[in-house]
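Please treat every number below as a calculation from the coordinates, not as lab data. Because the structure is predicted, anything quoted here is derived from the model rather than measured. Because the Cβ atoms are built from the backbone with ideal geometry, glycine has one as well, and the counts that use them run over all protein chains shown.
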Amino acid sequence: MVTSAAIKAFAHQLGFHRVGIVDLRTYSPDHPSGVAALRRWLAQGFQGEMAWMANPRRQEIQSVLPGAQSLISVALNYYQPDPEPPPRVKIARYAWG
């Protein structure tokens with residue numbers, strides 16, 4: 001069996017900056033960091049034009065991945081410092097990397 005520490009170490013080796021693992025067998029959608037938090041965030045309109053964030057499938061992982069026992073989430077900071085010399089066209093920072 002692969003441990004969560006091994007998964008996190010491997011994700012960091014791949015270059016991801018953050019790694020989170022949730023045990024879906026014990027997870028409660030009412031947990032402060034779970035679906036309740038997403039619903040509050042959506043109610044405040046923080047999704048802007050990203051309508052896909054409100055898709056009900058995002059609120060029940062079992063409807064997307066029946067039988068899933070764990071969820072692994074990784075994050076990659078795409079910030080890049082200003083290039084030298086500055087480009088002649090505008091390019092979004094997330095596209096620089």
Requested in this report: Scan around Leu76 for amide H atoms under 5 Å from its own, H built in the peptide plane at 1.01 Å from N, and keep only partners 5 or more places away or cross-chain.
Outcome: His17
Query raised in the report: In whole angstrom, and with the biggest value first, how far do the Cα coordinates of the chain range along each principal axis?
Result: 51, 38, 22
Query raised in the report: Taking the Cα-to-Cβ direction at Tyr94 and at Leu71 and moving 7 Å from each Cα, how far apart do the two end points lie in nm?
Result: 1.9 nm
Query raised in the report: Mean residue ellipticity at 222 nm from the helices of the chain, using -39,500 (n - 2.57) per DSSP H segment of n ≥ 4 over the full residue count, to the nearest 500 deg cm²/dmol?
Result: -7000 deg cm²/dmol
Report summary line: So, with points 7 Å from each Cα along the Cβ direction, the Ala6-Asn55 label distance in nm works out to 3.2 nm
Query raised in the report: Short version: ³J(HN,Hα) in whole Hz for each residue of the range 54-69, in order, from phi by Karplus 6.51 cos²θ - 1.76 cosθ + 1.60 (θ = phi - 60°), x for Gly and Pro, what are they?
Result: 8, 4, x, 5, 6, 9, 9, 4, 5, 6, 8, 10, x, x, 4, 9
